[in-house]
Amino acid sequence: MKRRKHRLTALLLAVPMMLAVCSPLALAGDLPPIPLTTKKTRVAGDANADKKVTLEDAVAISRRLAGGWNVEINTDNADVNADKKVDLKDVVLILRYLADGWEVTLQ
């Protein structure tokens, strides 16, 4: 009987603590929906995947083309002329784009 009383006391002490830890939103059932999938956005020219096109992207592609040097690039973003390969044409287009566009559109 004494052991059962201690368990009941521990349970009664634990319930308020559990309720204090739970957020009011969780208790009310008003949690925002969790997205099931995340949509990847492609930034053409962003070879190093930092979500912006900079000189670092052109340098990363050049280093990769020159032999790698342990450089990882996002080849989908690096192929800015959509010819299904990453080459110096892509580097030149990125450099022209960075030099105020030169009427270059990265694809």
Handout entry: Residues that are surrounded by 17 or more Cβ atoms within 10 Å (Cβ to Cβ) and part of a loop (DSSP other than H, G, I, E, B), drawn from the range 75-91
Key = D79, V80, N81, V86
Exercise for the section: Identify the single condition in (1) out of contact with any helix residue (DSSP H, G or I) (no Cβ under 6 Å at 6 or more places or on another chain); (2) touching a residue at least 12 places away in the same chain (Cβ under 8 Å); (3) of a type outside the set (D, E, K, R); (4) surrounded by fewer than 17 Cβ atoms within 10 Å (Cβ to Cβ) that V59 does not satisfy, given that it satisfies every other one. Expected result: (2)
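No value in this document is a laboratory result; all are computed from the given coordinates. Bear in mind that the values here come from a model prediction, so they are computed numbers and not experimental data. Cβ coordinates were reconstructed from backbone atoms using ideal geometry, including for glycine residues, and neighbour counts include every protein chain displayed.
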